[in-house]
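Participant: Starting off with a structure, shown below.
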Amino acid sequence: MDTSVLAVRNLSKSYGRGTARFDALKGVSLQIQAGESLAIVGKSGSGKSTLMHLLALLDTPDGGVLLVKGTDASELSVKQVSRLRNEDFGFVFQQFFLTPNATVLENVVLPLKIAGVGARERKARGMAVLEKLELADKAKNKAINLSGGQKQRVVIARALVNNPTVIFADEPTGNLDTVTGRLVEDILFSLNKEHGITLVIVTHDVELAARCDRRMFIRDGREVQSLQNSENSP
Amino acid sequence: MNITDIIGTAIGTAIGNSLRSRLRTALTVIAVFIGAFTLTITSAIGTGISSYIDTQVAGFGAADVLSITITADDAAPTDDGPAPYDPDQAIAAGGFQGDGSEFATSVLTADDVDIIEGVEGILDVNPVLQVTPRYVEYDGNGKFELAVNASAALSTPDLAAGSPLQGAAESSGNQILLITSDLDSLGFETANAAVGETVMIGTADYLGEMHEVGATVAGVQNQSTLTGGGGALNQALTDELYEIQNTGKPGNTTEGAFLAMAHFDAASSEEEINTIQADLAAQGYTAVTVADQIGIIQTVISGIVGVLNAFAVIALIAAGFGIINTLLMSVQEWTREIGLMKAMGMGGGRIYTLFSIEAVFIGFLGSIIGALAAMGTGAIANNFLAGTVLADLEGLQVLRFAPLPMGAITLLVMLIAFLAGTLPARRASRQNPIDALRYE
């Protein structure tokens with residue numbers, strides 16, 4: 001058995017049926033080792049987001065095998081999948097998906113709330129992770145009043161609060177200017193280097209992709225190229 | 001992590017959700033409020049009237065009493081001609097004009113009383129004697145007409161002052177129970193002032209000569225709807241008046257009464273009572289218990305209250321659709337948050353719970369506010385009605401708010417709200433996280 005956190009073989013996924021049928025993925029195979037950073041690069045409509053959704057167990061594939069730490073995902077119960085997403089996966093989205101009228105702290109502790117962690121512990125862990133991302137002073141602010149970079153840091157804090165093993169980031173810098181985008185990238189990569197959190201980044205930004213250990217290029221639902229970044233590899 | 005914390009969090013989140021769009025929640029709550037308010041009011045009226053009837057029935061007191069009459073003959077079909085004359089048929093004694101033949105029922109004679117007494121389960125039988133005193137007077141303050149409740153001796157009066165009449169065995173002399181409305185005219189300041197005083201009762205004998213009899217006021221009764229509102233005389237007074245009434249009466253009339261009161265064992269089961277009634281019916285007597293008589297009234301009233309309640313429930317069902325609508329909009333608005341929570345590992349069941357709690361919370365708010373408003377309105381209405389329209393019905397509190405039906409209404413409203421929340425909650429719980437996150 002391999003040591004990969006996630007492994008897929010010949011994964012396929014299609015949407016719609018009949019003439020409207022669209023094959024988003026046409027047989028992709030991939031292995032993600034613990035602690036590595038992987039960029040899935042492609043244009044919009046290439047299937048890169050679909051691949052990430054399947055890897056993050058947000059969706060089920062039509063064909064192929066998906067192994068999570070060596071276990072076939074199709075054999076996991078709904079509850080187990082939910083717990084996996086809650087405890088082992090963190091999500092960073094381009095559109096942030098913060099609850100605008102809730103405070104920063106409330107947004108950050110949402111995964112803990114879902115996990116059923118008590119109020120006091122929620123607050124302590126939420127504040128700790130906000131501290132780490134230098135957002136402690138914003139804890140009581142409403143999410144809507146933050147700048148884009150601050151919002152994305154809150155999103156990262158939310159992804160981190162449950163100490164995940166893998167963070168999935170979908171265009172994490174897509175809505176940010178170059179400088180703040182760079183800052184957010186630095187945070188993500190330092191988490192990867194210092195805490196060994198596996199990073200799966202979906203992007204069309206080649207510069208961001210270049211900072212990852214490995215780049216996988218995808219087009220029309222197929223892998224077209226895979227590059228190991230020698231200077232970045234550990 | 002413990003279960004109460006999870007529930008607490010879920011309730012907190014759900015309440016937070018419903019308060020987020022305040023206007024919409026408020027409007028839905030108002031819809032629920034109207035239904036709950038109406039239902040509370042109608043059920044309070046039901047409770048108020050039934051409990052009034054119950055106290056009135058308690059006024060009849062004796063649950064071990066049968067009122068017995070001779071079963072009325074079915075009216076002879078007119079094409080058969082008149083029924084043959086029966087010379088043995090008794091004529092009612094007492095102050096009736098004529099020979100009693102204008103009444104549909106025959107009178108009970110001493111023979112009838114013996115027959116009834118012979119029925120198994122009957123302890124004693126007393127014919128109800130009809131006495132018609134002409135007037136009552138206190139301390140020379142003027143003479144007033146006195147209505148007499150003939151069956152009062154067998155009932156437990158609802159007393160404002162004094163004590164009930166004593167039984168025949170206790171030979172306490174002549175006693176009378178007055179009615180609160182009599183006091184003013186007779187010249188008593190208060191009900192308590194009347195107790196123990198002697199009033200003079202005037203009655204005429206068969207030849208029209210007036211006689212006066214003294215009676216001690218044993219107590220004063222509240223005006224009562226069901227007991228007919230007459231003064232009550234004890235057996236000694238009744239007997240004396242009856243004797244005066246029949247003085248000078250021709251000796252060849254058969255004595256009898258329209259009505260007899262029979263006691264049976266108070267511990268009898270319903271089945272035993274039914275047997276006694278059936279036995280009496282077989283011998284040509286109609287015997288009804290107080291419960292039978294009151295039962296008819298109560299059936300009618302609960303029927304009316306039932307219809308009113310049905311209207312209130314219709315209002316609640318309409319409010320239920322309001323809840324569905326509100327929550328569907330909420331689900332729509334929340335699509336992205338629901339998707340996010342699902343992506344972060346929240347199970348469909350908990351999302352379902354979240355929306356269900358939100359629905360139940362709306363129902364709870366509406367029903368509590370509705371119940372409180374109904375109680376406030378009820379208090380005002382009770383005061384107003386007691387002072388005006390219903391002033392004659394002493395002791396009637398039209399709207400009575402008992403905790404049990406109020407709790408039941410709150411639960412019912414919450415149940416309707418929960419059922420209304422089922423559809424939106426299902427829709428929310430089945431949302432696909434990716435579709436939800438893509439939703440703009």
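The values are calculated or read from the model by the stated rules, or taken from the named source; none is laboratory data. Fair warning: this is a prediction, and the values are worked out from it, not measured in the lab. Note that each Cβ is placed from the backbone with ideal geometry, even for glycine, and that neighbours are counted across all protein chains shown.
Participant: Go through the stretch A:93-109 and count every residue that is modelled with pLDDT under 90, crowded, with 20+ Cβ neighbours inside 10 Å and either over 19 Å from A:Gly149 (Cβ atoms) or touching a Pro at 6+ places or on another chain (Cβ under 9 Å) (or both).
Facilitator: Here the count works out to 1.
Participant: Same structure, new question: Filter the stretch A:93-130 for residues that are under 18 Å from A:Leu191 (Cβ atoms), within 10 Å of another protein chain (Cβ to nearest Cβ) and of a type in the set (Val, Ile, Thr) and give the result.
Facilitator: none
Participant: Would a scan of the stretch A:57-78 turn up a residue that is among the basic types (Lys, Arg) and within 23 Å of A:Thr198 (Cβ to Cβ)?
Facilitator: yes
Participant: Now for a different question. Does A:Ser37 satisfy the criteria of being modelled with pLDDT under 90 and over 21 Å from A:Ala143 (Cβ atoms)?
Facilitator: no
Participant: Related question: Of these, B:Ile244, B:Ile201, which one is modelled with pLDDT of 80 or more and either more than 17 Å from B:Ile176 (Cβ to Cβ) or in a strand (DSSP E or B) (or both)?
Facilitator: None of the other options fit; the residue is B:Ile201.
Participant: Does B:Ala318 qualify as being without any contact (Cβ under 8 Å) to a residue 12 or more places away in the chain, over 30 Å from B:Thr109 (Cβ atoms), part of a helix (DSSP H, G or I) and not charged (D, E, K, R)? Please lay out each step first, then the result.
Facilitator: Numbers: without any contact (Cβ under 8 Å) to a residue 12 or more places away in the chain: no; over 30 Å from B:Thr109 (Cβ atoms): yes; part of a helix (DSSP H, G or I): yes; not charged (D, E, K, R): yes.
Criteria not met by B:Ala318.
Participant: Where in the stretch A:132-234 are the helices (runs of 4 or more DSSP H), entirely inside, with at least 2 residues that are of a type in the set (D, E, K, R)?
Facilitator: Details: elements: A:148-160, A:178-195, A:206-210.
Result: A:148-160, A:178-195.
Participant: So which of A:Gly35, A:Gly47, A:Gly90, A:Gly16 is small (Gly, Ala, Ser), touching a residue at least 40 places away in the same chain (Cβ under 8 Å) and over 21 Å from B:Ala343 (Cα atoms)? Please lay out each step first, then the result.
Facilitator: Values: A:Gly47 fails: over 21 Å from B:Ala343 (Cα atoms); A:Gly90 fails: over 21 Å from B:Ala343 (Cα atoms); A:Gly16 fails: touching a residue at least 40 places away in the same chain (Cβ under 8 Å).
It is A:Gly35.
Participant: Let me ask something additional. May I ask you to say which residue of A:Val206, A:Val200, A:Val184 is at pLDDT below 90 and over 27 Å from A:Ala102 (Cα atoms)?
Facilitator: Step by step, each of A:Val206, A:Val200, A:Val184 is checked, and only A:Val206 is at pLDDT below 90 and over 27 Å from A:Ala102 (Cα atoms).
Participant: Would you call B:Ala93 in contact with a Phe, Trp or Tyr (Cβ under 6 Å, 6 or more places away or on another chain), of a type in the set (Gly, Ala, Ser) and either at pLDDT 75 or above or assigned to a loop (DSSP other than H, G, I, E, B) (or both)?
Facilitator: Criteria not met by B:Ala93.
Participant: Determine whether A:Arg211 is of a type outside the set (Ser, Thr, Tyr) and over 17 Å from the mean Cα position of the chain (by Cα).
Facilitator: Details: of a type outside the set (Ser, Thr, Tyr): yes; over 17 Å from the mean Cα position of the chain (by Cα): no.
No; evaluated as a whole, the condition is false for this residue.
Participant: Determine which single condition B:Asn383 fails, assuming it passes every other condition in (1) within 20 Å of B:Thr40 (Cα to Cα); (2) polar (S, T, N, Q); (3) surrounded by 15 or more Cβ atoms within 10 Å (Cβ to Cβ).
Facilitator: Of (1) within 20 Å of B:Thr40 (Cα to Cα); (2) polar (S, T, N, Q); (3) surrounded by 15 or more Cβ atoms within 10 Å (Cβ to Cβ), only one is false for B:Asn383: (3).
Participant: Also, quick follow-up: Could you go through the stretch B:353-364 and let me know if any residue there is within 30 Å of A:Thr165 (Cα to Cα) and at pLDDT 85 or above.
Facilitator: yes
Participant: For the stretch B:264-302, which positions are farther than 30 Å from B:Gly48 by Cα and either crowded, with 16+ Cβ neighbours inside 10 Å or under 22 Å from the mean Cα position of the chain (by Cα) (or both)?
Facilitator: Passing the criteria: B:Phe264, B:Ile276, B:Gln277, B:Asp279, B:Leu280, B:Tyr285.
Participant: How many residues does the stretch A:55-92 contain that are touching a helix residue (DSSP H, G or I) at 6+ places or on another chain (Cβ under 9 Å), buried (at least 16 other Cβ atoms within 10 Å of the Cβ), among the aliphatic types (A, V, I, L, M) and more than 9 Å from chain B (Cβ to nearest Cβ)?
Facilitator: Counting residues in the stretch A:55-92 that are touching a helix residue (DSSP H, G or I) at 6+ places or on another chain (Cβ under 9 Å), buried (at least 16 other Cβ atoms within 10 Å of the Cβ), among the aliphatic types (A, V, I, L, M) and more than 9 Å from chain B (Cβ to nearest Cβ) gives 7.
Participant: Every residue in the stretch A:107-142 that is in contact (Cβ under 8 Å) with a residue 24 or more places away in the chain and within 20 Å of B:Leu354 (Cβ to Cβ), please.
Facilitator: A:Asn107, A:Val108, A:Val109, A:Leu110, A:Pro111, A:Leu112, A:Ile114, A:Ala115
Participant: Something else about it: Checking the conditions here, which among A:Thr173, A:Thr180 is in contact (Cβ under 8 Å) with a residue 24 or more places away in the chain, more than 13 Å from every other protein chain (Cβ to nearest Cβ), of a type in the set (Ser, Thr, Tyr) and within 27 Å of A:Leu55 (Cα to Cα)?
Facilitator: Criteria check complete, one pass: A:Thr173.
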